[in-house]
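Trainee: One structure, as structure tokens, below. Some questions next.
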């Protein structure tokens, strides 16, 4: 504890502040149950004293800390009407700005009605009162910035009117000569303050004048000098607060410092701050300012790791880096790597919107491990920023695709996923490959806090430590357990008790409050507790419930919805999504009924289109409760006020056991409570039944972030010194290391096995696993070297042509040999292009596709059973599901035909069918077929139907024109019809932009004619397409 903090403790200030903070946060979190305490005069007196100390403080940290305390004390106070309320709002606004809490101030002032001048000033009032009122009004409007530029223009107008009043008053005063020297000094001081506010408003809006700091210091210096003669009788201390806050707003403006970074970044800043944007970006948050002022944009650093909490503004930081990289290398491509398909769409839309004014082309690589000829052609047009999953980028690089030939920057979102099993290993080795083979490529890794961020930066940055760690959140947070208690002589009540978690919550443990309705019987299940919590918390904003598994998610969502009435007067977009869900899942399905009540579930059993549309409903406020699994919740990016946590486990994939969430994984999900600019407070609640439940939560929250460890470390250690035979059994038993061997296959293919063997240690140094094994001073480096040498020796006599084929499949060499050898022995027909026609696979005899599935079922990388049980793999059934999907069957038809095992209920059949199709089928069968074709067919097969087969399966359509429409964002049900319309007019487009432009010009009549009979109309289909592609606001 510093001497400064000890002084505040000794004087009792800390106790007053902490009490005020906890009372306020509890009241905000539980607004229906706990009334906001009326602030005491003592707390306001303490706030004024702390403000004075803050103004006098020289140390920046102490200054921010003091104003944070003042802000906490001031925000409890309801803002009254009239001049007193305006002055209180100004004090609150100044404290918030000086405490680096401008995002929260903006939200607090959003509903404050700034009183009009006419209510505060009479015609007969002296100039000093008009000066006070107009200056303070302008400052409050400037801080609030409601309605985009509306408040900024109003603030500038206030100062303009003040100048006019000053001119009139000056003329009258000159004639009467009645103003004394003291009053004149006060007016001069006040007009200097007004000029400061005017300067701040002008600079906030336009970045002008360029010498704003010089002008600010001149007017501030004038005020300070005049203050030596007499206190400010017009503004008092508030004048000093406004002056200091205005200076801080200039410092945090998006224009400050960024205009020195080159024309490209100036143009970018101008576009995001443009009045034409509905929500212009006019300031940088402390986290963003700190990153930019650090070495984020230092082109000499090869790798930078940025550690920031969830929702602290990482995407804008990435955008600055992207603009800089493109400016330095205009002909290069920047790749933005995200871990999930859902995030591909989200990030693509965000970047496309922000970069459109700069004419930068942003495209998404289809998130599947294969390259359709149409996609291949479209990606050959100029792409400035490519959004991709790691798997697809790996494929593009190994295929030597032009769009990945010159990569200047790789942005890795959620970079801590490097530690996550097979996918983590693939990401690690992808980055290692780029580090080794692309000397011109730089890296930006975005991650929540991890203890070894320096190690990650050093690994990719050739020893240079380039870590930016910023611990700033735009909102506060409370964690609580919810359990039922029975007060003596009363009914059972749901009791919320705060739980501590160092660095992640803002209220200490032990505070309690009752919520919800009393119950005459004891509630003894987490499910019922969750339902009651949702009822109590949904009034304050969106609620995310984390449930274990898809079935539990649906059940819980249905239980929550049963306590609600169907909503009336739904927005057109809301109604369109309901009809889209009904057509996709069946009119009697649960989800449309849930959506009518503002409830949804969100898991892998839904199509990616439907998941995205649900997220858009949440973002627009149409749905306020969503129940999802922990795995999918990591990729969600929508406004949530409360997170209810039923489980602290997550799945590891098909056939794998569930595992506990790590502390970092948990806060990466739960940290989404209290999204920036939507809610100043996030609530994380754990429904509990027993004391041991509550103790488990408390123990978990006492944890700390774990280091990001290569997924290959444990696998290498487990293998030990045992000699290995690199066959199918090795691949099946060591999936992480199988990915590592694929990396070695690539290196051997490029440089030759002999050269790779002689340089094996240098090859391994580009991997994180070797980097970390060496740091650990254990025997792991030797074990890894031994494994690598043994593998490279085993492939020395392998044909380099075959290595090249295998390298582009994503399969291990053993799996590639299996496919190649088994087709020679059992399925020679697979090697003819004619075999891969759509008629042969999807329209005629089912046996050819069943044979393909039979062979794929033996590949260790693929898990194609209908369930996690190995016994559930039946090639004929999988082929039947695939044929129906490609032929246009809806999910109800597929479920009723193929998922009737075990007397499953209709809802379970549909859930299993949907999860299978949108998970295993579209994720693995296109990959498997694409890999098989690479190994078996001649290079010119890309000109035949065969090359489109993987995309037919991925998109669930049966023509290349329908694939084209799906790539353009058209819903599956309309893809064939609109594809036929396209085919009547033209061939393959030159770019994705040309395709989207054609679709955007379709008339309402064409949309209506293309829409099959069902719940969704043609107009709704067009609205759905605009949402999926970001062509218009999705909440219209």
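Any read-out appearing in this document is the output of simple, stated calculations on the displayed coordinates, not a laboratory observation. Being a predicted model, the structure only gives us computed values, none of them experimental. No Cβ is skipped: glycine too gets one built from the backbone with ideal geometry, and neighbour counts run over all protein chains shown.
Trainee: Rounded, prolate or oblate for region 818-1029? Axes are the square roots of the Cα gyration tensor eigenvalues, ordered a ≥ b ≥ c, and the cut-off for rounded is a/c under 1.5. Mind dumping the intermediate values first?
Mentor: Values: a/c = 2.40, a/b = 1.31, b/c = 1.83.
Judged from the Cα gyration tensor, region 818-1029 comes out oblate (a/c at least 1.5, b/c at or above a/b).
Trainee: Another question about this same structure. Just to be sure I understand the model, the point goes 7 Å from the Cα along the line to the Cβ. What's the resulting residue 1009 to residue 559 distance in nm?
Mentor: 5.1
Trainee: Among 986-992, 455-461, how do they line up by average Cβ neighbours within 10 Å per residue, starting with the highest? Provide the component values of the computation, followed by the final result.
Mentor: On the way: 986-992: 15.0, 455-461: 23.7.
Per-residue mean Cβ counts within 10 Å order the peptides as 455-461, 986-992.
Trainee: If you don't mind, another one. Find how many whole Å separate the alpha carbon centroid of region 283-315 from the alpha carbon centroid of region 765-823.
Mentor: Taking the Cα centre of each part, region 765-823 and region 283-315 sit 36 Å apart.
Trainee: Roughly how far apart, in whole Å, are the Cα centres of region 216-259 and region 58-73?
Mentor: 17
Trainee: So what's the convex hull volume per residue for the Cα atoms of the chain, in Å³?
Mentor: On the way: hull volume 195.2 nm³, N = 1036.
Normalising the Cα hull of the chain by residue number yields 188 Å³.
Trainee: Now a separate question. Which whole-number percentage describes the relative contact order of the chain, with Cα contacts under 8 Å and a sequence gap of 6 or more? Don't skip to the end; give the middle numbers.
Mentor: Working: 1694 pairs, mean separation 104.5, N = 1036.
The value is 10 percent.
Trainee: Separate question: Using 1/(1 + (r/R0)^6) with R0 = 35 angstrom and r between the beta carbons of residue 758 and residue 382, what's the FRET efficiency to the nearest 0.05? Present the calculation step by step, with values, prior to reporting the outcome.
Mentor: Details: r = 40 Å, r/R0 = 1.14.
After rounding to 0.05, the efficiency reads 0.30.
Trainee: Here's something else I'd like to know. Nearest-5 percent of antiparallel DSSP beta bridges in region 482-701? Write out the running numbers ahead of the final one.
Mentor: Values: 11 of 29 bridges.
Roughly 40 percent of the DSSP beta bridges within region 482-701 come out antiparallel.
Trainee: Then there's this: So what's Rg/Rh here for region 482-701, counting alpha carbon atoms and using the Kirkwood radius for Rh?
Mentor: 0.96
Trainee: Among DSSP beta bridges lying fully in region 392-538, give the percent that are antiparallel, nearest 5. All intermediate terms of the calculation are to be shown ahead of the outcome.
Mentor: Details: 11 of 15 bridges.
DSSP beta bridges in region 392-538 are roughly 75 percent antiparallel.
Trainee: Residue 524 versus residue 793, label points 7 Å from Cα toward the beta carbon: distance in nm?
Mentor: According to this spin-label approximation, the distance is 6.5 nm.
Trainee: Moving on. Starting from the 7 Å offset along Cα-to-Cβ, what nm value, one decimal, do you get for the label separation of residue 110 and residue 60?
Mentor: 3.0
Trainee: Still on this structure: Taking every DSSP beta bridge with both residues inside the chain, roughly what % is antiparallel (nearest 5)? All intermediate terms of the calculation are to be shown ahead of the outcome.
Mentor: Working: 14 of 62 bridges.
Counting only bridges with both partners in the chain, antiparallel ones make up about 25 percent.
Trainee: Which translational diffusion coefficient, to the nearest whole µm²/s, is obtained for region 234-308 from the Stokes-Einstein equation, given a Kirkwood hydrodynamic radius over C-alpha pairs, 10 °C and 1.306 mPa s?
Mentor: Values: Rh = 14.4 Å.
Diffusion coefficient, whole number: 110 µm²/s.
Trainee: Work out the FRET efficiency for residue 259 and residue 353 from their Cβ-Cβ distance, taking R0 = 22 Å, and round it to the nearest 0.05. It would help to have the intermediate numbers written out before the result.
Mentor: Numbers: r = 22 Å, r/R0 = 1.02.
The pair residue 259/residue 353 has a calculated efficiency of 0.50.
Trainee: Another question, then. Please give the contour-minus-distance gain from residue 706 to residue 660: 0.36 nm per residue of separation, less the Cα-Cα distance, rounded to one decimal in nm. List each step's numbers first, then the result.
Mentor: Working: separation 46, 0.36 × 46 = 16.56 nm, distance 1.31 nm.
Between residue 706 and residue 660, full extension yields 15.3 nm more.
Trainee: Follow-up. Roughly what angle does helix 847-856 make with the longest principal axis of the chain, taking Cα atoms, 0 to 90 degrees, to the nearest 10?
Mentor: The answer is roughly 70 degrees.
Trainee: Peptides 842-848, 763-769: what's the order by average Cβ count within 10 Å, highest mean first?
Mentor: Numbers: 842-848: 14.7, 763-769: 23.4.
Listed from highest to lowest mean packing, they are 763-769, 842-848.
Trainee: Going by how many other beta carbons lie within 10 Å of each one, how would you line up 958, 377, fewest first?
Mentor: Working: 958 23, 377 14.
Fewest to most other Cβ atoms nearby, the residues stand as 377, 958.
Trainee: Still on this structure, I have one more. Would you order 319, 980 from fewest to most other beta-carbon atoms within 10 Å of each residue's own beta-carbon? Walk me through the numbers on the way to the answer.
Mentor: Values: 319 20, 980 14.
By the 10 Å Cβ count, ascending, the order reads 980, 319.
Trainee: Let's test the formula: R0 of 22 Å, r as the Cβ-Cβ distance of residue 876 and residue 905. What FRET efficiency results, to the nearest 0.05? If you can, show how the numbers build up before the last one.
Mentor: Working: r = 24 Å, r/R0 = 1.09.
After rounding to 0.05, the efficiency reads 0.35.
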